[in-house]
Amino acid sequence: MSQAVIRGAVEVSYARRTTETTTQWLGRAFDALVEEHQLDPASIDGLGVASFTLRPDRCIDIAWRLGLQPSWLMDDSNGGVSGLNMLQHAVAAIECGQARNIVLLAADVFQATDFQEMAANYNRSTQQLLRPLGIANPNSLFSLLTQRHMARHGLSRTDYGELVIAQRRHAARNPQAVHRKPMSMDEYLKAPLVAGPLGIYDCVPVVAGADAILVSHVDEASPRDRCVRVRAIGGRHNFDQHEGDGLSTGLSQIAGRLYESSGLTREDIDLVSVYDDYPVMSLVQLQDLGFIPPDGLLHFVRETVPSGRLAFNTSGGQLSVGQAGAAGGMHGLVEAVRQLGGRCGERQLPRARTALVSGYGMVEYRYGMCANAAVLESMA
Amino acid sequence: MTLQITACERCGAQYFPRRLRCHRCGASAFQGLPVTAARVTAATQVHRTLQGCPWSWLVELEAGQGVRLIAAADSAPSIGATVRVQQQEDGAVVLISA
């Protein structure tokens, strides 16, 4: 069993508007973690940072501003997989004895023009082939993907709406969510279209925000931390050489091994956090991870989702809470760790012993290339 | 101008955008392959466009041996239809209006 444990996870309430910088948001997440776990900052010997808007600063600049003297550093700009990617590296570092207490931070702050710039210059393919089109952006690309998903599985807009509405029900009990008002199907369907079939509620609200995780050697932890064990973690990126249809991810290749090495089965999992940049991708990840049988998609969206039988994206997900750039890659992980630690207040699940968290992202030309996942278990 | 996808010089595998190395045979030399027609696999009308943008339809196309392209159009194309395409100087792949 791994000697590395997740001791804590915090999210600073996301905000639609902010006058603070990305650096300041990272500092607030660090402070929140230190306060909740009564940490001595001098004990922190590892720091990882994920952000799109921190440049020209990097992890070391944040270490300096925080007064840390780390022996282990990591910068991660892999968007929706950055949280789990940093966790995967941090666990390995602690197991190898390279660090004892690693803080992983993620934050982003976008002004409207910053966001357009980031989207237009996301990578070379985007810059050279998508930006000149003027209309190609994540929303319109995932609209194309959603259309093909609908056609393949015989789904209608209401089926995706069920997911959005189910997540909104969770968000009503999350004081940190941007959208908290319960939503009816009528409201979902009548919302303005962004790029058909996607309406505004299928797209994440862009927010400013920050998240933080503390990963430690088990001997550093105290019972009051309510630690979480990482029973298995892994990723598979570019699994289809970007020649597929985008309707499956690298999770389809690693799910079996993840369950096997965790010693748990899918039926043992109490809650799931999948990376919900778009409802279609939640369904794709849930299917890749085995929560939806190959021929059971219609039953899942029409019966399982409305009944609430599967606890997924219990914070309300990014669709309700907002997407704070790279911090979105840590959002589902923070929610899962807090559920397992019994720290979710009004929305705390009655049973939260085990969780599965997945990450997805990094659109190259047509869809995301990266995917990773972790199986977590409460040690309390 | 004519859209060029790339083909591996050794095994002929087709790619777009171009790669550094052919993942099928390992070669790293590619040649341009002109494409003038492609089949529409999905299309969406983008409701908020930048001022002055001549296109409002984003289209996914399949060309050659299953190479997929993202292109722009000024009107709704039919799914499954074969359309004529070209690439502009600035890199944009666009449908040529009938």
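B:Thr41 satisfies every condition listed in (1) in contact with an Asp or Glu (Cβ under 6 Å, 6 or more places away or on another chain); (2) touching a residue at least 60 places away in the same chain (Cβ under 8 Å) except (2).
Within the range B:58-76, can you find the residues that are more than 24 Å from B:Ala13 (Cα to Cα) and surrounded by fewer than 18 Cβ atoms within 10 Å (Cβ to Cβ)?
Residues satisfying the conditions are B:Asp74, B:Ser75, B:Ala76.
Sub-6 Å Cβ pairs linking a first residue in the range B:11-28 that is more than 13 Å from chain A (Cβ to nearest Cβ) to a second residue that is crowded, with 18+ Cβ neighbours inside 10 Å, at least 6 apart or interchain, are B:Ala27/B:Cys8, ordered by first then second residue. The test for being more than 19 Å from A:Tyr275 (Cβ to Cβ), more than 13 Å from chain B (Cβ to nearest Cβ) and surrounded by 15 or more Cβ atoms within 10 Å (Cβ to Cβ) holds for A:Ile102. Being under 30 Å from A:Arg224 (Cβ atoms) and surrounded by 21 or more Cβ atoms within 10 Å (Cβ to Cβ) is the filter here; which residues of the range A:289-317 pass it? A:Phe312, A:Asn313, A:Thr314, A:Ser315, A:Gly316, A:Gly317, listed by residue number. For the range A:54-65, residues that are assigned to a loop (DSSP other than H, G, I, E, B) and surrounded by fewer than 21 Cβ atoms within 10 Å (Cβ to Cβ) total 4. The residues of the range B:49-70 that are touching a Phe, Trp or Tyr at 6+ places or on another chain (Cβ under 9 Å), within 9 Å of chain A (Cβ to nearest Cβ) and modelled with pLDDT of 95 or more, listed by number, are B:Val67, B:Arg68, B:Leu69, B:Ile70. Please go through the range A:76-122 and give me each residue that is part of a strand (DSSP E or B), more than 17 Å from the chain's Cα centre (by Cα) and of a type outside the set (A, V, I, L, M), ordered by number. Selection gives A:Asn101 alone.
With respect to A:Trp25, is the statement that it is among the hydrophobic types (A, V, I, L, M, F, W, C), in a helix (DSSP H, G or I) and either surrounded by fewer than 24 Cβ atoms within 10 Å (Cβ to Cβ) or touching a Ser or Thr at 6+ places or on another chain (Cβ under 7 Å) (or both) true? No.
Restricted to the range A:206-222, and to residues there that are out of contact with any Lys or Arg (no Cβ under 7 Å at 6 or more places or on another chain) and among the small types (Gly, Ala, Ser), the residue that is nearest to A:Leu104 (Cα to Cα) is A:Ala212.
Conditions tested, residue by residue: (1) among the basic types (Lys, Arg); (2) part of a helix (DSSP H, G or I); (3) more than 8 Å from every other protein chain (Cβ to nearest Cβ); (4) under 17 Å from A:Leu283 (Cβ atoms).
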site: A:Ser125; (1), (2), (3), (4): no, yes, no, no
site: A:Leu129; (1), (2), (3), (4): no, yes, no, no
site: A:Ala136; (1), (2), (3), (4): no, no, no, no
site: A:Leu141; (1), (2), (3), (4): no, yes, no, yes
site: A:Arg152; (1), (2), (3), (4): yes, yes, yes, yes
site: A:Leu155; (1), (2), (3), (4): no, no, yes, yes
site: A:Leu163; (1), (2), (3), (4): no, yes, yes, yes
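The values are calculated or read from the model by the stated rules, or taken from the named source; none is laboratory data. Please read these numbers as outputs of a predicted model, since none were measured by experiment. We place every Cβ from the backbone using ideal geometry, glycine too, and count neighbours over all the protein chains shown.
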